[in-house]
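Below: the structure, in structure tokens.
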Number of protein chains: 2
Amino acid sequence: MNASEFRKRGKEMVDYVANYLEGIEGRQVYPDVEPGYLRPLLPAAAPQEPDTFEDIINDIEKIIMPGVTHWHSPYFFAYFPTASSYPAMLADMLCGAIGCIGFSWAASPACTELETVMMDWLGKMLELPEAFLAGKAGEGGGVIQGSASEATLMALLAARTKVIHRLQAESPELTQAAIVEKLVAYSSDQVVATLGTTTCCSFDNLLEVGPICNKEGLWLHIDAAYAGSAFICPEFRHLLNGVEFADSFNFNPHKWLLVNFDCSAMWVKKRADLTGAFRLDPTYLKHSHQDSGFITDYRHWQIPLGRRFRSLKMWFVFRMYGVKGLQAYIRKHVQLSHEFESLVRQDPRFEICAEVTLGLVCFRLKGSNKVNEALLQRINSAKKIHLVPCHLRDKFVLRFAICSRTVESAHVQVAWEHIKEMAADVLQAERK
Amino acid sequence: MNASEFRKRGKEMVDYVANYLEGIEGRQVYPDVEPGYLRPLLPAAAPQEPDTFEDIINDIEKIIMPGVTHWHSPYFFAYFPTASSYPAMLADMLCGAIGCIGFSWAASPACTELETVMMDWLGKMLELPEAFLAGKAGEGGGVIQGSASEATLMALLAARTKVIHRLQAESPELTQAAIVEKLVAYSSDQVVATLGTTTCCSFDNLLEVGPICNKEGLWLHIDAAYAGSAFICPEFRHLLNGVEFADSFNFNPHKWLLVNFDCSAMWVKKRADLTGAFRLDPTYLKHSHQDSGFITDYRHWQIPLGRRFRSLKMWFVFRMYGVKGLQAYIRKHVQLSHEFESLVRQDPRFEICAEVTLGLVCFRLKGSNKVNEALLQRINSAKKIHLVPCHLRDKFVLRFAICSRTVESAHVQVAWEHIKEMAADVLQAERK
């Protein structure tokens, strides 16, 4: 395929994408297929000769779409949102075309520098303490990781290296193995210090845990994977109070800030803590600027060597929505979750199981776990909406997460009417 | 931005991308900017109100492009190739639109199932032993990782868990800490067992190392990050002989098989070794099929929880090139590297420093490291082509890697003429 063929096919794909997203409400949110559905639909091996583009585009509706769970349907209320917006998709097209691998400053200066500045922009939106920002010559700064898991792993490894260095400086006779054996990582029952857990969006009290960590010389990593996006709104920023005690902080704009996956934002107060743990300097990655003062080589900040030009997505989204547009988006989702909460509270058969703070409502039928499991199964078998459950203190609970960019009050109302209908069926079946 | 605006802007972006790649030869391959160039060109914080799309698209040429190293220029011969093709870019557009997060089968069945089948297709292209394929009910199978580093880390963690389980079964009195203290990971001076090192594309002898590993019960992981793509050609397949002794094998289609980053292909003979090490089963990720026989939940196969629909890129590329088209692509690159090699060999001032097997030529001026450092600096300062160096047994060596999808014999000839000119200047300066 050459450039002129790409001009044609690319525009057809733009239309396919626009059609898909415009019409997504009309697709069944959860697919009908059974495990193993796809293999018989494909040849056993790759073709020797090229297939045509028409064959492929036709196969999307025939083979792929029947097996897709439509995460961006306004009837998808499962897990947590995964971000999707047109500006981010446009940026991803550009990212693919530039196709640089930004492991060092020299490998593509724009890739590294835009990331540093975008992480500062985002840090300022969240009113992060100055120490987390790179600025022109700060000791801190931000990096885009692939996922919150990677950010947590990086924080853990950096903390481990830092404490080993400190203890070896204090007691040179200690071997690394002897130190590692004594190391302890503290975590809550949901993980590290967490703002907005996956189960029920609960919050750890940073103002209690933070000073203890600082006093004891413990590395404090805070994970706000889902909730972090909300902190760009002044009315939710208080949930982040105490971040000033942290060594590292992470949240996922790819969940709730309209920047398509992957884009997990991580900041550290001392970049040397990360780069000290992961320095990798083979000759073929050295460049003339690397020892000349203030330079960022992001390969030292992460596990993989390779990295895409992901900050383009942030740049496009921040500029095309503006901070006010992003705040309005968060507020709309929070308002919709409260709307659902109040519908649930008006029905005496149901109960709300956790405080509704952001876009997640945990609810259940008053009664046994069994009846709630039956309710969820009935809902997900009907496939009109899609939910997933969680366990809260041994109770089986349904999670209603506001997910889609295009979800409106009308969809929430439809979903609730449907849930009530399913509940009536379940309760009637139980009485029999 | 709504769907109709995206139709318009998306098509403009398709044209921008096509123009960029069509005209890339006319851009200077390495940028002129100095560290810190970008920050003064941007506002200190994100805008409160939205910017227009026109503003942003204009800023790409004004702010971004001046700082881009053009990896897809036919004058880029640095590092190793990073894959780029139009079919992969089309697939990425679709991937962004579907925007599912395929951590479990239920999260999007098509995402999981296409990946399993595409990894089988690719495994068959490489003539991997049957044990590495998933088939309908195999014990092995493939997974797309983000990078070879992640694949290596996964292999290491799986090996560690496996040996801990084995030793604890043999000697129940041993604590996990006592076992971990004794574990040893063997590696070559370039890493795990490697086919095609970054430095000089050398190959470990798997037929020697493999049987020893099997006899001693050691986990053997083979990394062929760059070279792996070449094994789809029968004439290079012998380089992979011995893979039958491995427990896990990995290479990067995102380097040399026209599938844009990220797409690192990893196979294991026993999927239970991976999933046993990483099982993660909170209630909100459970689904009705997960315990019903043969199902793949890829979150157990990797470090991050989230994952994109990356197999679409493989599907588009494999079908639109066909196996023969992919083989022809590999062969063209290898032929160009041999063409460059023979040009170097014809000039008695130069020497070839390592056997040229695939697309990399390691060469240098006969003489001191200093003169070769001066040559590289002169080449990279002229910015007509771009190279990086390596060290081979204390010798400073220049690497000439065939990288771009569009590089032709004419570019290689131009590059060589240019290198000779720079060499003449350097040698003349030395004589003075």
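Across identical copies of the chain, B:ALA429 has label-point separations of 8.1 nm, listed in ascending order, with the point defined 7 angstrom from Cα along Cα→Cβ.
What 222 nm value per residue comes from the helices of the protein assembly as shown, counting each DSSP H run with n ≥ 4 as -39,500 (n - 2.57) and dividing by all residues, nearest 500 deg cm²/dmol?
Working: 24 runs with 364 residues, N = 864.
Taking each H run of at least 4 residues, the total per residue is -14000 deg cm²/dmol.
For B:LYS313, list the aspartates and glutamates whose Cα falls under 13 Å from its own Cα; do not include residues on the same chain fewer than 8 positions away. Excluding near neighbours in sequence, the set is B:ASP92, B:GLU115, B:ASP262. Could you state the number of Å between the C-alpha centres of region A:89-164 and region B:210-286? Taking the Cα centre of each part, region B:210-286 and region A:89-164 sit 29 Å apart. Axis-proximal residue of chain A for the rotation onto chain B, reported as residue and distance in whole Å: A:LYS11, 2, based on Cβ position.
Simple spin-label estimate for B:SER4 and B:ARG279 gives 5.4 nm between the two label positions (7 Å along the Cα-to-Cβ direction from each Cα). Residue by residue along B:56-69, Cβ atoms of other protein chains within 10 Å of the local Cβ number 5 on average.
Placing a label point 7 Å from the Cα of A:LEU183 along the Cα-to-Cβ direction, the residues of region A:209-226 whose backbone N falls under 20 Å from that point are A:213-223.
Going by the alpha-carbon gyration tensor, a ≥ b ≥ c the square roots of its eigenvalues, is region B:215-363 rounded (a/c under 1.5) or, if a/c is not under 1.5, prolate (a/b greater than b/c) versus oblate? Prolate, since a/c reaches 1.5 and a/b exceeds b/c.
Roll a 1.4 angstrom probe over the protein heavy atoms and tell me the percent of accessible area of region A:100-308 that is carbon or sulfur. Let's see the in-between values first.
On the way: 4240 of 7650 Å².
The C+S portion of the solvent-accessible surface of region A:100-308 is 55 percent.
Rounded to the nearest 20, the size of the Cβ-charge dipole of region B:214-320 about its Cα centre is 360 debye, with Lys and Arg at +1 and Asp and Glu at -1. Placing +1 on the Cβ of every Lys and Arg and -1 on the Cβ of every Asp and Glu, with no other charges, gives chain B a dipole of roughly 380 debye about its Cα centre.
The GluC sites (Glu not before Pro) found in region B:343-397 that occupy coil by DSSP, while having at most 15 further C-beta atoms within 10 Å, are B:GLU355. If R0 equals 45 Å, the separation of the Cβ atoms of B:LEU157 and B:GLU373 corresponds to a calculated FRET efficiency of about 0.70. A crude spin-label estimate for the pair B:ARG27 and A:ALA131, with each label 7 Å from Cα along the Cβ direction, gives 4.0 nm. Take A:ALA328, move 7 Å from Cα toward the beta carbon, and the resulting point lies 5.2 nm from the same point in each other copy, nearest first. Report the relative contact order of region A:3-82, percent, no decimals, based on alpha-carbon pairs under 8 angstrom and at least 6 residues apart. Value for region A:3-82: 47 percent.
Assigning unit charges at the beta carbon (Lys, Arg +1; Asp, Glu -1) and nothing else, what dipole magnitude in debye, to the nearest 20, does the protein assembly as shown show about its Cα centre?
60 debye
A point 7 Å from Cα along Cα→Cβ stands in for A:GLN176, and the other copies hold the same point at 2.1 nm, listed in rising order. Across the options A:GLY67, A:PRO40, A:ALA18, the greatest Cα extent toward the positive end of the charge dipole of region A:3-82 (unit charges at beta carbon of Lys, Arg, Asp, Glu) belongs to A:ALA18.
Just the protein heavy atoms count here, and of the accessible area of region A:3-82 at 1.4 Å, carbon and sulfur take up 51 percent.
Each label was represented as a point 7 Å from its Cα along the Cα-to-Cβ direction; for B:GLN335 and B:HIS238 these points are 2.1 nm apart. In region B:100-308, Cα pairs under 8 Å separated by at least six residues give a relative contact order of 29 percent. Within the same chain, lysines fewer than 8 places from A:LYS270 are excluded, and of the rest, those with a Cα less than 16 Å from its Cα are A:LYS136, A:LYS162. Partner shielding of A:325-334 amounts to 1, given as the average count of beta-carbon atoms from other chains within 10 Å of each residue beta-carbon.
Compute the accessible area per residue over chain A, keeping the other protein chains in place, probe 1.4 Å, unit Å². Intermediate values should be presented prior to the final figure.
Working: 15990 Å² over 432 residues.
In whole numbers, chain A has 37 Å² accessible per residue.
Along chain A, the exposed loop sites are chymotrypsin sites (Phe, Trp or Tyr not before Pro) outside DSSP states H, G, I, E and B with at most 15 other Cβ atoms within 10 Å, and the longest stretch free of them is A:1-185. Quick check on region A:3-82: take the gyration tensor over C-alpha atoms, sort the square-rooted eigenvalues as a ≥ b ≥ c, and tell me if it's rounded (a/c under 1.5), prolate or oblate. Note, shape of region A:3-82 comes out oblate.
When the convex hull of the Cα atoms of chain A is projected onto a plane and the area is averaged over all directions, what value comes out in nm²? Walk me through the intermediate numbers first.
Working: hull surface 104.5 nm².
In nm², the orientation-averaged hull projection of chain A is 26.1.
Under the combined filter of DSSP loop state and at most 14 neighbouring Cβ atoms within 10 Å, region A:102-146 retains these GluC sites (Glu not before Pro): A:GLU127. With Cα atoms as the point set, the protein assembly as shown shows a radius of gyration and Dmax of 27.1, 103 Å.
Straight-line reach from A:LYS286: taking Cα to Cα under 19 Å and skipping same-chain neighbours fewer than 8 places apart, the lysines in range are B:LYS370, B:LYS383, B:LYS395. Normalised by the number of residues in chain A, the average gap of Cα pairs under 8 Å and 6 or more apart makes the relative contact order 23 percent. Summed over both chains, the accessible area lost when A and B associate is about 10800 Å², using a 1.4 Å probe.
The values are calculated or read from the model by the stated rules, or taken from the named source; none is laboratory data. If you're wondering where the values come from, they're calculated on a predicted model, not measured in any experiment. All Cβ positions, even for glycine, are placed from backbone atoms using ideal geometry, and neighbour counts span all protein chains on display. Just the protein is used for accessible areas: all its heavy atoms, side chains included, with ligands, DNA and RNA removed. Shrake-Rupley method; radii C 1.70, N 1.55, O 1.52, S 1.80 Å.
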